[in-house]
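Reviewing the structure listed below.
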Amino acid sequence: MGTNGSTMLEPLRQGLPPIDPAAVSSSATCALPARYEAVRGARKFTSRTLTRWDLDERFDDVALVVSELVTNALRHALPADAPRDQEPPVRLHLMRWTSRLVCAVRDPSEDSPVAGEAEDSAECGRGLFLVDSFSDSWGWHPLAGPLTGKVVWALFRLPPA
């Protein structure tokens, strides 16, 4: 994956019509506190959102990816001395187009996500491998403007209606 935003977002465009941010048919966002209990909240938020969008059948794969992305943000992207009482530093965004669903997790770290070299029995280091296995593509890009940090996203193709 490249180092500039357009290269990192290229998988969102492969084999699909161009993404026009104004063409998002539905979107939802959720602020997540800097606590591991936030993963459960992210899954509940994802369940409610997918039910509202009539995408219940995608819940298992999407929830697994959301859990991994949020866990990675909480585990690797927050400074150890980050204040726990300020504005939530991690946000989950779900965006739906006609032919795809994108899950994006924003965090304050500017470091790129790195897939671990996990053995089969390892309990950590497999998160991005799972994201890659259960989504159609994934990537990340740094935030621009006044925001600092990055967004890690995963794309799911949706069957024609």
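The values are calculated or read from the model by the stated rules, or taken from the named source; none is laboratory data. None of the values given here were measured: they were computed from a predicted structure. Quick reminder, even Gly has a Cβ in these numbers, built from the backbone with ideal geometry, and neighbours come from all protein chains shown. Note: accessible area is taken over every heavy atom of the protein model, side chains too, but ligands, DNA and RNA are not part of it. Shrake-Rupley method; radii C 1.70, N 1.55, O 1.52, S 1.80 Å.
Within the option set ASP111, ASP85, ASP81, being acidic (Asp, Glu), modelled with pLDDT of 70 or more, assigned to a loop (DSSP other than H, G, I, E, B) and within 22 Å of THR148 (Cβ to Cβ) holds for one residue only, ASP111.
The residues in the range 143-161 that are farther than 24 Å from SER26 by Cα and either touching a Cys at 6+ places or on another chain (Cβ under 6 Å) or loosely packed, with under 13 Cβ neighbours inside 10 Å (or both) can be counted, and the count is 3.
Of the residues ARG91, ARG96, ARG106, ARG48, the single one that is under 19 Å from THR29 (Cβ atoms), at pLDDT 95 or above and open to solvent by 40 Å² or more (accessible area, probe 1.4 Å) is ARG48. Among residues of the range 63-76 that are within 20 Å of HIS141 (Cβ to Cβ) and touching a residue at least 12 places away in the same chain (Cβ under 8 Å), those with a beta-carbon under 7 Å from a residue that is in a helix (DSSP H, G or I) and of a type in the set (D, E, K, R) at least six positions away or on a different chain give the pairs VAL66/ARG43. Restricting attention to the range 122-142, the residues being open to solvent by 40 Å² or more (accessible area, probe 1.4 Å), part of a loop (DSSP other than H, G, I, E, B) and modelled with pLDDT of 80 or more number 1.
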